[in-house]
Every structure is written in structure tokens, then in C-alpha cells.
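Read the structure below first, then the notes.
The values are calculated or read from the model by the stated rules, or taken from the named source; none is laboratory data. Please read these numbers as outputs of a predicted model, since none were measured by experiment. Heads up, the Cβs are rebuilt from the backbone with ideal geometry, glycines too, and the neighbour counts pull from every protein chain shown.
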Protein chains: 2
Amino acid sequence: MRIGIIGAGALGLYYGAMLQRSGQDVHFLLRRDYQAIQKRGLQVYSCHGDFHLAQISGHQTPQEIGTVDLVIVGLKTISNHHLIDLVRPLIGTETAILTLQNGLGNEELLAAAFGRERVLGGVAFLCSNRGKSGTVHHLGEGKIRLGEFSGGLSQRSHKLAELFRAASIACDAVSDLRRARWEKLVWNIPFNGLSALLGKDVTDILNHPPSKVLVEDLMLEVIAGANAQGLEEPIDGPEFSQQLISFTENMDHYRPSMMIDREEALPLELEAIYSIPLQQAMAVGINMPQIKMLYALLDFGENDSA
Amino acid sequence: MRIGIIGAGALGLYYGAMLQRSGQDVHFLLRRDYQAIQKRGLQVYSCHGDFHLAQISGHQTPQEIGTVDLVIVGLKTISNHHLIDLVRPLIGTETAILTLQNGLGNEELLAAAFGRERVLGGVAFLCSNRGKSGTVHHLGEGKIRLGEFSGGLSQRSHKLAELFRAASIACDAVSDLRRARWEKLVWNIPFNGLSALLGKDVTDILNHPPSKVLVEDLMLEVIAGANAQGLEEPIDGPEFSQQLISFTENMDHYRPSMMIDREEALPLELEAIYSIPLQQAMAVGINMPQIKMLYALLDFGENDSA
């Protein structure tokens, strides 16, 4: 399958490399890694075993890539104003688009430009970051849950899930993509935001009892917002939030990406992770006051770095 | 009238000096200013005109002061674990106690130790701070609203209000002290906390639109908590919050005391301004989620400085 990777950060590079290694024809849109990868190929340092790909089809413009069967989008949502222009040159008559970006609103953007029937979304549980140019570090996890933007379990979702599994990436097709997206927000909204705001990792946050209560409160607000969206099956608030907290208690001083972005004075993905979820909740009459407050506090810091 | 000042910070020194200048017999419990004031007296720099008091009755222990007619408490609430021991030596059979401390819970402490009939409280609208030892700076305002802890407009409250007015301090006796205390919290809870958390003054906060909305939301939460306390007359939420915001928009980059305390890594008055109001609201079934969140975020910083 001919695959184009738009947004080849840590996530795009890692999944792209795994797919190429499994025999797929993968094309990367590269910026900062272009020169290094042209010269030395791509080096993957992975907790499941390092590997090196000598030949990478790297490109500096999406026009160079041309049409593909599948576009995988890993772009940071703060660059979504470029998203459509970056994807358009890859779209042929049968092209599917899978966005693995954070938060909400990405499928909607793509659907508005290219038609909702082309669009799938996936939620990636991946710990990875970029090293020096031409390298990527896979620290843990990697599972993807993907589904059709229009809902339902399609043949195509099963086929894509199989594509990832054949590349040694755990992957499930889900019929309710929206539920999967909101479930991930239940973790992202408290931990990304609080870690960025306080400059504290997830372990420090959970070790401070009032902040642990706050994490739970924020999770329950997300779940209330989620359950008002007409999901196929509601999320069990107390059970799911306790599960996520226990899961996080096992992470050893993990630093969420938003905490790192704030430390490096990079813009935060506030639109996708806070603003659009708040709007979608508000649209069905759900007020999420603590999330609204967290968003305002994080946004204040953005003005600083601007 | 023989008056003892317990907690002679900027507020205690300023009001004590004004009362002494008006002819009252004022005794100060001093710590850091003791030596300087013994040597050079007390210098008041005031926007209403500077003045100097050559003779100050300064003491290093409350036992030295002995019984008085009126105790005025200006102690920071973070030192309330010393409050009773500091006040006890000043109490005679007829002694009244007026606490001008921040937040809630101070009258209750004094009433439990000395009897509620002795206790009055006051809300001070004063911009002042300490300069070098033996000096105090009065930057603006100064009005006091005082009342009986047990409620009602007593002869005593009128007399005390007259005492302050005779010392050129604007002062009203109010029948509903609790309402006055909560009204002050409507300002303190958003502006003290947000300025300390974000390291931004009140003007910066109001210039950031999402934070201005947050200020309004926090004010409305305080007012909801207040109005559930059985006040003599409820606070009009939208009107009163807009009034306070307009008032604050006229302050030119004012830095609330809590912002300065956080910058200097001093402990914050979180118990009196956040914890007890949250408890009193919760006790009458009112949840204040954004205030609870602000308290948790501020408390996290306290652990840092500890």
C-alpha cells in the first residue's frame, strides 16, 4: 500500500518506520529531519528493539509525494491551518485519510475539505519523542484504536487495523471513534494541562492529595461531557477514572508532551484538547467549569510566550 | 481608650498610628520593628500626608501590654495558631476584640477562646505595606466596615466606628458582618489567587479575556456561596461582580498581597481565604468547583516553598 505521512514528528516517524519495515511503500513529508534522513536514513531506538532504515522516501513538499492510498496525519494540531494544503496533493479517487492527531476537531476539518467518507481517526497510545535529526525514540506503548469518522465498523477499518498489526503495532478497529477520542481526553485534559501549568510530572501531581482530587474532578467533567455526545455506550465515570489514575500511578515521573512544550516555550495544543471539547460539551448543554478554568489558565501562559 | 495591637504589620501599624495620633492610648506588640521604633519612633508615609510618632508604646510580649479596653488583631492568618496565646494577656473583664484579619474563621477562633460577646470583626479596604524597619507606607484607601460577630448593630459597634472616624479613618458599623466578610472575599478569592498563581497583577489579568471571564465566574461562585449563608440581604451577583471588576479596572497594575507573598516564597493565607469559605459553602450544600480548583493549584505551590 502506498502511504503518505503528513506530520512526521515522533509519532509519524515511528509508525511510518514500522509500516515501511513491514513492507509498505511509505512516503514521509519531512522538514527538520530531511537532510539527516537523506544522508543516513532513519534510526529507530525502541524499547522493543532498535532498527535502522537505510532508504527512506523523504519529501520536502506534499506535491512530490503525489497521490497515495492512505494518508496518515501526525501533524501537531497547532499547525492545522496548514493541514488541508498539506494533505490535498496526496488525495486520489480512492485515498483514505487517517488522522492520529490529538484531541477533537481534526476529522471534521478533513471531512469538510475532502468528504467525510474518506476520513478515519485513530487514538494513539504512544510514548515517543524525537532525538537528534534522523532519529526517533520509542519509549513505550504504541497501541492504536481507529475507526470511521462516520461511525460503524467498516471493512476498511478492519483492513487498516490489520495493516498496523502486520507491522507489529497493536491496533483495534472501533465502531465508536468519538468515544475513543473522548476516552483519551479523560487522560489528556487533566494530565497535559496540570503538568504544563504547574511544571510537575504526573507522579508529582498524584502525590499531592488536593491535585489528585482535582484530577478526578476533571476526569468526571470530561466523562460528563463525553456521555452527553450520544455515544454508543456511556463511559462509566467512577470506574474509568479510577482505572486511568491507577494506570498513571504506575508511570514513573512521566512528563506529558504539553509539559515539555511549555518548558520549551512551544505553543500548546489547547484548541484540540480544551477549546473544541468545551464547545462540543456546551453545545449539548454540559458545563465543564474546571476544564474551562484550566483552559483559561493555560491560555494565559500562551500569551506570555507569544 | 487603652488599645492593644496584636499583629503590627502594615495594617496594624497604620491603624494603630492613626488611632494614637487621634489621642488614643495605643500599645503595639512588635517583633521586627521593635528596635527601630524604640530608637526612632514610627514614621508613616501616607498618600494623605506623612507623619511621625516619636513616642510609641512598643512591647515584645503581650504580657508586657497587659489588659486593654480594645484588642485590634492584624495578625496574618497563617499565624493563627499563636492567636489565642497572643491575645489572652490583654483580656480584662470588659475587653472587646476586633479582628481585621483576612478571610473567614478568625472571629470563630476568638469567640471559642474568649466568648462570642467579646468579638467584633472588620473588613479593611487598605492598600499599605511595610517599608524599612520603623516605617509603614499607606498607598490608598483605608475604610473599615465592622460589626458584631453575633450580628446586629450594637452600641459598641457604633462607638468603635466613631473611634476610627475620629482618627480620620472612614468606618461604618454594619449589622451583618458575615455579609461584609463574604463581599470582601468576592474580590480576594479571584484576584489574590490568580495573581499568585500566574504571577500577574490585576491589570494583566483583566486584559486577558478568558481570565476576565474566569474572574467573573469565580466571583459568581463566591456570591452563590455567600447567599446560601442566610445573609440579612443577598448579594446581587451580576451587579456586584461587575462593580468590583470596574473598580479593579481602575487600579493601575495593582499587585495583591498574595502575589507578593508568593514571589517572596512566603506562605499564603489559603486557609482563611479559600479553605474555610469552601467548607462553609459545602456545609450549606454549595459546591464552588472553580474555587476548589484554584485552592488546589495554590496549595501545590505551598508544598514547593515548604
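Need the failing condition index for B:ARG179 against (1) surrounded by fewer than 18 Cβ atoms within 10 Å (Cβ to Cβ); (2) farther than 22 Å from B:ALA296 by Cα; (3) modelled with pLDDT of 95 or more, just the number.
(1)
So, in the stretch A:190-206, exactly how many residues are facing chain B (nearest Cβ under 9 Å), under 13 Å from A:THR248 (Cβ atoms) and over 22 Å from the mean Cα position of the chain (by Cα)?
2
Give me the strands (runs of 3 or more DSSP E) completely within the stretch B:1-88, filtered to those with at least 3 residues that are not small (Gly, Ala, Ser), ordered by residue number.
Correct list: B:2-6, B:25-29, B:42-46, B:51-53, B:68-73.
What tally of residues in the stretch A:100-144 results from selecting those that are touching a residue at least 12 places away in the same chain (Cβ under 8 Å), over 17 Å from A:LEU185 (Cβ atoms) and part of a loop (DSSP other than H, G, I, E, B)?
So the count comes out to 4.
Do we have B:ALA96 as at pLDDT 95 or above, part of a helix (DSSP H, G or I) and of a type outside the set (Phe, Trp, Tyr) here? Can you show your working first?
Working: at pLDDT 95 or above: yes; part of a helix (DSSP H, G or I): no; of a type outside the set (Phe, Trp, Tyr): yes.
When the stated conditions are applied, B:ALA96 does not pass them.
Please state which one of B:VAL123, B:VAL119, B:VAL186 is of a type in the set (A, V, I, L, M), under 28 Å from B:PHE247 (Cα atoms) and in the same structural domain as B:GLY12 (by TED's automatic domain parsing).
It is B:VAL123.
Among the residues of the stretch A:161-185, write down those that are under 23 Å from A:GLN24 (Cβ atoms) and outside any strand (DSSP E or B).
Going residue by residue through the stretch A:161-185, those that are under 23 Å from A:GLN24 (Cβ atoms) are A:161-174, A:177.
Matches in the stretch A:161-185: A:ALA161, A:GLU162, A:LEU163, A:PHE164, A:ARG165, A:ALA166, A:ALA167, A:SER168, A:ILE169, A:ALA170, A:VAL174, A:LEU177.
Cβ-Cβ below 6 Å, separation at least six or inter-chain, first residue in the stretch B:80-92 and more than 18 Å from B:ALA272 (Cβ to Cβ), second of a type in the set (A, V, I, L, M): which pairs?
B:LEU90/B:ILE65; B:LEU90/B:VAL68; B:LEU90/B:VAL71
Quick check, is B:HIS158 assigned to a helix (DSSP H, G or I), more than 14 Å from chain A (Cβ to nearest Cβ) and not hydroxyl-bearing (Ser, Thr, Tyr)?
Criteria met by B:HIS158.
Can you list the helices (runs of 4 or more DSSP H) found entirely within the stretch A:223-306 that contain at least 3 residues being free of Cβ contacts under 8 Å to residues at least 12 places away in the same chain and surrounded by 14 or more Cβ atoms within 10 Å (Cβ to Cβ)?
On the way: elements: A:237-249, A:257-263, A:276-283, A:289-305.
Hits in the stretch A:223-306: A:289-305.
Touching a Pro at 6+ places or on another chain (Cβ under 6 Å) and closer than 23 Å to A:VAL284 by Cα: does that describe A:LEU231? Explain how you work it out, then say what you get.
Details: touching a Pro at 6+ places or on another chain (Cβ under 6 Å): no; closer than 23 Å to A:VAL284 by Cα: yes.
So A:LEU231 fails the test.
Please specify each residue of the stretch A:172-199 satisfying the condition of being hydrophobic (A, V, I, L, M, F, W, C) and without any contact (Cβ under 8 Å) to a residue 40 or more places away in the chain. Show your work before the answer.
The initial filter retains those residues of the stretch A:172-199 that are hydrophobic (A, V, I, L, M, F, W, C), namely A:173-174, A:177, A:180, A:182, A:185-187, A:189, A:191, A:194, A:196-198.
Listed by number, the residues that qualify are A:ALA173, A:VAL174, A:LEU198.
Condition first: within 17 Å of A:PRO289 (Cα to Cα) and more than 9 Å from chain B (Cβ to nearest Cβ). Can you find one or more residues in the stretch A:229-236 that meet it?
No, there is no match, as no residue in the stretch A:229-236 is within 17 Å of A:PRO289 (Cα to Cα) and more than 9 Å from chain B (Cβ to nearest Cβ).
Identify, please: which residue in the stretch A:190-222 is more than 26 Å from A:PRO267 (Cα to Cα) and among the hydrophobic types (A, V, I, L, M, F, W, C) and is, among those, surrounded by the fewest Cβ atoms within 10 Å (Cβ to Cβ)?
A:VAL213
Residues are listed down the side, and each one gets a yes or a no for (1) under 24 Å from B:TRP182 (Cβ atoms); (2) of a type outside the set (Lys, Arg):
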| site | (1), (2) |
| --- | --- |
| B:LYS76 | yes, no |
| B:ALA112 | yes, yes |
| B:VAL119 | yes, yes |
| B:PHE125 | yes, yes |
| B:SER128 | yes, yes |
| B:GLY131 | no, yes |
| B:GLY142 | yes, yes |
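Of the numbered conditions (1) under 19 Å from the mean Cα position of the chain (by Cα); (2) surrounded by fewer than 23 Cβ atoms within 10 Å (Cβ to Cβ); (3) over 30 Å from B:ASP33 (Cα atoms), B:LYS184 satisfies every one except a single condition; which is it?
(3) is the only condition that B:LYS184 fails.
For the stretch B:78-116, give me each residue that is surrounded by fewer than 24 Cβ atoms within 10 Å (Cβ to Cβ) and among the β-branched types (Val, Ile, Thr).
B:ILE78, B:ILE84, B:ILE91, B:THR93, B:THR95
Can you name the residue in the stretch B:254-306 that is charged (D, E, K, R) and more than 14 Å from chain A (Cβ to nearest Cβ) and, of all such residues, is nearest to B:GLN229 (Cα to Cα)?
Here is the first cut: in the stretch B:254-306, the ones charged (D, E, K, R) are B:255, B:261-264, B:269, B:271, B:292, B:299, B:302, B:304.
If we keep only those that are more than 14 Å from chain A (Cβ to nearest Cβ) too, we end up with B:255, B:261, B:263-264, B:269.
On the way: B:ARG255: 30, B:ASP261: 30, B:GLU263: 34, B:GLU264: 35, B:GLU269: 22 Å.
Among those that are charged (D, E, K, R) and more than 14 Å from chain A (Cβ to nearest Cβ), it is B:GLU269.
When B:HIS52 is evaluated against the numbered criteria (1) at pLDDT 95 or above; (2) touching a strand residue (DSSP E or B) at 6+ places or on another chain (Cβ under 9 Å); (3) farther than 22 Å from B:ARG165 by Cα, which criterion, by number, is the only one it fails?
Every condition holds for B:HIS52 apart from (3).
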